[in-house]
Amino acid sequence: MHERAEPQPGTDDDLAWFTGVVREHSTALVRYFARRGPRQDAEDLAADVFATAWRRRDDVPREAVLPWLYRTAGFTLANHRRKIVDLPVDEVPETGAVRVGEDPELSALFDAELRGALESIGERDRHIILLHAWEGLDGEELAAVLGISRSGADAALSRARKRLREAWSERMSF
């Protein structure tokens, strides 16, 4: 087990804010992790995100809490996946490609053709599509999670949709 830094004491306002954040967003965060990794880890990973939110409470934008939590969740999940993968360095792929069969996020999708189309568009586009489709993010929220401008997020979503449509068309043409 790793040791966590003890949270610094906060004001009553901090505690009230944090309690509200946990109540409002805990279900969404647990679902986010359950869709993307082992379900038994979802609550622990969500707790890690909330611990980070508490430690960095002064940095969390009050007008965009959920996008900040999703962005932090993405980093938390990436760190978690690195911890559980025991892969010799010479076998690490040059790109971040994830095989569909090993990706719980894609395995949750039942249609093999859709899984194949999603796999073929690449990790970033897939991440954008799933944040939009599963988490309901677009506009400013999607931009905040991706760490880019609103127009950049709109363009990225548009490109990802286009690539998915093209991949789907290729798979469905006989």
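Laid out as a table, the results:
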read-out	value
Filter result (assigned to a helix (DSSP H, G or I) and open to solvent by 10 Å² or more (accessible area, probe 1.4 Å)) within the stretch 146-160	L146, R150, S151, G152, D154, A155, L157, S158, R159
Count - residues of the stretch 119-132 that are open to solvent by 60 Å² or more (accessible area, probe 1.4 Å) and either over 16 Å from G74 (Cβ atoms) or touching a His at 6+ places or on another chain (Cβ under 7 Å) (or both)	2
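The values are calculated or read from the model by the stated rules, or taken from the named source; none is laboratory data. Keep in mind the model is a prediction, meaning the values are calculated, not measured. When we count neighbours, we look across all protein chains shown, and the Cβ atoms used for this are built from the backbone with ideal geometry, even at glycine. All accessible areas refer to the heavy atoms of the entire protein, side chains included, with ligands and DNA or RNA removed. Shrake-Rupley method; radii C 1.70, N 1.55, O 1.52, S 1.80 Å.
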